[in-house]
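Shown next, in structure tokens, is the structure this report addresses.
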Amino acid sequence: MVAQGFTVDLKKPLVFQVGHLGEDYEEWVHQPIATKEGPRFFQSDFWEFLTLTVWWAVPVIWLPVVVWCISVSISMGCSLPEIVPIVFMGIFIWTFFEYVLHRFVFHIKTKSYWGNTAHYLIHGCHHKHPMDHLRLVFPPTATAILCFPFWNIAKAISTPSTAPALFGGGMLGYVMYDVTHYYLHHAQPTRPVTKNLKKYHLNHHFRIQDKGFGITSSLWDIVFGTLPTTKAPRKEQ
């Protein structure tokens, strides 16, 4: 049963508290606390450890997988000129997957105890504490789970010899996504492209949280009409 008027105690582990917010969870989770150090999730040190991931773990763990996948396609008879466009196609497919995942899974509306709890673990924690540097990239376990649907997609739309390269391209797209995501939160870009991308993403966190779902680009936001406005709407007098 949802406790009425429940208040989350930020000094205590949060995961099993947020479910009690019920319908108030949506408003609470989109009121960001912009501190680099994040809250504690679990009382257990073991489960707490599993929620923490340094950004460089992403390329260290997954780039070798990318290389291995491409090498498998080469060993199955694909030439390098054939591999390159397939890898780029994998990256492109990932950008769509990134958008769909962010919009329809990470921003699903919840109000039940377990719905709120699951959402907080998946993405709500990032919106509540957007500068938490150890909970910004995907934990390796979560990425491994996402590999299954992406691998099945790769097999369904390609040949046996090109599927590994397509999957490798998708994984390369994922690595680019997560590293870019960390960069946008914690770096100070100096070039116009990266400065605009940072502004675009932080706008999603701090201003219009139901638009701007692209991380590495705004392409799919343009296609599906979720591009945020450049200016806040005027309030009627």
Relative packing of 19-26, 137-144, 207-214, which averages over residues the other C-beta atoms within 10 Å, highest first: 19-26, 207-214, 137-144
Relative contact order %, the stretch 21-159, counting alpha carbon pairs below 8 Å whose residues are six or more apart: 53 percent
Percent RCO, i.e. relative contact order, over the chain, from Cα pairs under 8 Å lying at least 6 residues apart: 28 percent
For peptides 166-177, 99-110, sequence by mean Cβ density within 10 Å, most packed first: 166-177, 99-110
Kirkwood estimate for the stretch 18-224, i.e. one over the average of 1/r between Cα atoms, Å: 18.2 Å
R0 of 35 Å, Cβ-Cβ distance Trp28-Val60: FRET efficiency to nearest 0.05: 0.50
Translational D in µm²/s for the stretch 131-230 (Stokes-Einstein at 37 °C, 0.692 mPa s, Kirkwood Rh from C-alpha pairs): 216 µm²/s
Footprinting exposure proxy for Glu27, Glu82 (fewest neighbouring C-beta atoms within 10 Å first): Glu27, Glu82
Over 27 Å between alpha carbons, listed pairs Lys111/Lys198; Lys111/Lys211; Lys12/Lys198: Lys111/Lys198; Lys12/Lys198
Choice from Pro192, Pro85, Pro164 with maximal GNM fluctuation in the chain (Cα, 10 Å cutoff): Pro192
Kirkwood hydrodynamic radius over Cα pairs of the stretch 98-159, then Stokes diffusion coefficient at 4 °C and 1.567 mPa s, in µm²/s: 98 µm²/s
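Bear in mind that the values in this text are calculations on the coordinates, not laboratory data. Every value quoted in this text rests on a predicted model; they were computed, and no experiment measured them. Glycine gets a Cβ as well: all are built from the backbone with ideal geometry, and neighbour counts include every protein chain shown.
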